[in-house]
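Read through the structure below, which is laid out as structure tokens, and then see the notes.
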Amino acid sequence: ATVDIHLDRIARARRRGADLVVFPELSLTGYMLQDMADEVALTPTAADPFFRRLLAASRGIDLVVSFVERGEKQNLFISAAYLSAGAVIHLHRKVYLPTYGLFQDGRFFDRGRSFRAFDTRFGRMGILICEDFWHVSAPYSLWLDGADLPMLNSASPGRGLNGAGRLETARRIETMTQAYAGLFTVFVAQANRVGFEDGLCYWGGSAVLAPDGQALAQGPDFEQALVVAEIDPDRLRRARLALPLLRDERPELLQARLARLLGEPPS
């Protein structure tokens, strides 16, 4: 059923002229799986009957889909794959697994081991999954690796209200996406789940940010939506001419400091 929903949304996006569709975290399988995770796990190859249909759809439009991945050792990962021209171009496994409060990722899933940018027909991109984005080292690593468009797949449940009556989780994620886009002079595409599952409310609010932190498109809260934005590469060039942070960054200073911190005995 979820594959059918994906194919429907892909068809709608193609009619809108989209070249790339980004779906939320665990869009194919659902999030609150716990012991059911093994039952819905997929392998991102044409041998998987569900994935085969998505690979076929990617011959007309690039896709980012997220799912429970079954690893070679029967271990499970929260993963997202970039599909293009009938092939898996890149696979990202969620590195930071929240296991606090209502989150149980670390109990049921193995963690990924890296953040890596990758080339597509539209330029160099990167993928982060939910909690990855809350650790500044993740988008920073993609930035240094040349990603001009980091994509955030999330299943963010609504928690807390601020003084303006807005969900606190929505406010914080919007603040982070704006900050990362502006500080790293990159486009950011954030796709968040919307709806209810096992009593949790996912607030939606998907967005695309420009390299100056301005919103190019903003989806509604609490409603399903196809959020469409146009990525202009020239805007990236202009932003980096005005603010050449990537050109002037000195990662070797951080490397030396990290080497010292990691080499020091614990206090």
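General remarks:
- Centre-to-centre separation between the Cα atoms of region 1-73 and those of region 107-142: 18 Å.
- Residue with peak Gaussian network fluctuation, the chain [Cα springs, cutoff 10 Å], from 133, 67, 122: 122
- In the chain, a dipole from Cβ-located charges (positive for Lys and Arg, negative for Asp and Glu) runs towards its positive end, and of 258, 102, 77 it is 258 whose Cα lies farthest in that direction.
- Percent RCO, i.e. relative contact order, over the chain, from Cα pairs under 8 Å lying at least 6 residues apart: 12
- MRE, 222 nm, helices only [DSSP H, n ≥ 4, -39500 (n - 2.57), over the chain, to nearest 500]: -9000 deg cm²/dmol
- Shape of region 203-261 from the C-alpha gyration tensor: oblate (a/c of 1.5 or more and a/b not above b/c, with a ≥ b ≥ c the square roots of its eigenvalues).
- In loop segments of region 24-64 as defined by DSSP, the trypsin sites (Lys or Arg not before Pro) with at most 14 further C-beta atoms inside 10 Å of their C-beta are 59.
- Over region 111-213, relative contact order from alpha-carbon pairs under 8 Å, at least 6 apart, %: 23
- A Gaussian network model of the chain, with springs between Cα atoms under 10 Å, assigns the largest mean-square fluctuation among 142, 241, 54 to 241.
- GNM top mover of 43, 185, 177 - the chain, alpha-carbon springs below 10 Å: 43
- In the context of the full protein assembly, residue 151 retains an accessible surface of approximately 0 Å², using a probe radius of 1.4 Å and ignoring ligands and nucleic acids.
- In the chain, the inverse of the mean reciprocal separation of distinct Cα atoms equals 19.2 Å; this is its Kirkwood hydrodynamic radius.
- In Å², nearest 10: area of residue 134 left accessible to a 1.4 Å probe: 90
- Accessible area of residue 136 (1.4 Å probe, protein heavy atoms only, ligands and nucleic acids ignored): about 90 Å².
- Environment charge at residue 156 (Cβ cut-off 12 Å; Lys +1, Arg +1, Asp -1, Glu -1): -1
- Global form of region 142-267, assessed from the alpha-carbon gyration tensor, a/c cut-off 1.5: oblate
- Mean Cβ neighbour count within 10 Å, used as a protection proxy, ranking 209-215, 99-105 highest first: 209-215, 99-105
The values are calculated or read from the model by the stated rules, or taken from the named source; none is laboratory data. Keep in mind it's a predicted model, so treat the numbers as computed, not measured. Because the Cβ atoms are built from the backbone with ideal geometry, glycine has one as well, and the counts that use them run over all protein chains shown. Accessible surface areas use protein heavy atoms only, side chains included; no ligands, DNA or RNA. Shrake-Rupley method; radii C 1.70, N 1.55, O 1.52, S 1.80 Å.
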